[in-house]
Amino acid sequence: MTDGAARILYIEDNPQNMRLVRKILVHHGYTVLEAIDGGSGLQTAYIERPDLILVDINLPDIDGLEVTTQLKQHPELRQTPVIALTANAMIGDRERTLAAGCDDYLPKPVSKQDLLDTVAKYLQRGDSE
Ligand code: MN
């Protein structure tokens, strides 16, 4: 799905980050679903089956790593790309997020071009499904 109609779930508790990322994605033709904590993010993923999931690591209930682990255990969502967003990027973030099952990782503040490139890369990968 590369025509911009892809549905992306963003799980993020920070309203400013949500607004910024939503604006970039909507401007590029994506549909953005929103969740403000891990529990509602999982529920939305189960119900809506988005094409791709962006997940903040620091969430108020269960963290983004646990969210990812649960998503990757779900038979219908296992193949859905999950990209982690982490604040205050530290050495080891990439390893931690990939170990939890995230397909990729973007440090905050998110660069617009990195976001768009990474999203496009993982949506293209799903074309054959
Ligand atoms: Mn957060």
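Here are a few things to note about the model shown:
- Probe 1.4 Å - accessible area at Arg22, Å² to nearest ten: 80 Å²
- Take every DSSP beta bridge whose two residues both sit in the range 6-129; close to 0 percent of them are antiparallel.
- Å² per residue, accessible surface of the chain at 1.4 Å: 53 Å²
- Amide hydrogen proximity for Leu106: with H placed 1.01 Å from N in the peptide plane, the residues at 5 or more positions away or on another chain lying under 5 Å are Ala84, Leu85, Thr86.
- With all pairs of different C-alpha atoms in the average, the Kirkwood value for the hydrodynamic radius of the range 42-129 is 13.2 Å.
- For Asp37, the residues whose amide H sits under 5 Å from its own are Glu12, ignoring neighbours fewer than 5 places away on the same chain, with H placed 1.01 Å from N.
- For Leu59, the residues whose modelled amide H falls within less than 5 Å of its own, excluding neighbours fewer than 5 places apart on the same chain, are Gly64.
- Each label was represented as a point 7 Å from its Cα along the Cα-to-Cβ direction; for Ser40 and His28 these points are 2.5 nm apart.
- Relative contact order (%) - the range 7-123, alpha-carbon pairs under 8 angstrom, separation at least six: 23 percent
- Solvent exposure ordering (accessible area, 1.4 Å, most first) of Ile62, Ile83: Ile62, Ile83
- Expressed as a whole percent, the accessible area of the chain that falls on carbon and sulfur atoms is 49 (1.4 Å probe).
- Charge dipole (debye, nearest 20) of the chain; +1 at Cβ of Lys and Arg, -1 at Cβ of Asp and Glu: 260 debye
- Computed from backbone phi, the HN-Hα couplings of the range 96-112 come to 5, 5, 5, 5, 6, x, 4, 7, 7, 8, 10, x, 8, x, 6, 6, 4 Hz, rounded to whole numbers (Karplus: 6.51 cos²θ - 1.76 cosθ + 1.60, θ = phi - 60°; Gly and Pro given as x).
- Most positive-pole-ward Cα, Val55, Tyr30, Val82, against dipole of the range 20-129 from beta carbon charges: Tyr30
- Heavy atoms of Glu48 accessible to a 1.4 Å probe, total area in Å² rounded to 10: 80 Å²
The values are calculated or read from the model by the stated rules, or taken from the named source; none is laboratory data. Since this is a predicted model, take the numbers as computed values, not measurements. Glycine also receives a Cβ, built like all others from the backbone with ideal geometry; neighbour counts cover every protein chain displayed. Ligands, DNA and RNA are excluded from the accessible area calculation, which covers all protein heavy atoms including side chains. Shrake-Rupley method; radii C 1.70, N 1.55, O 1.52, S 1.80 Å.
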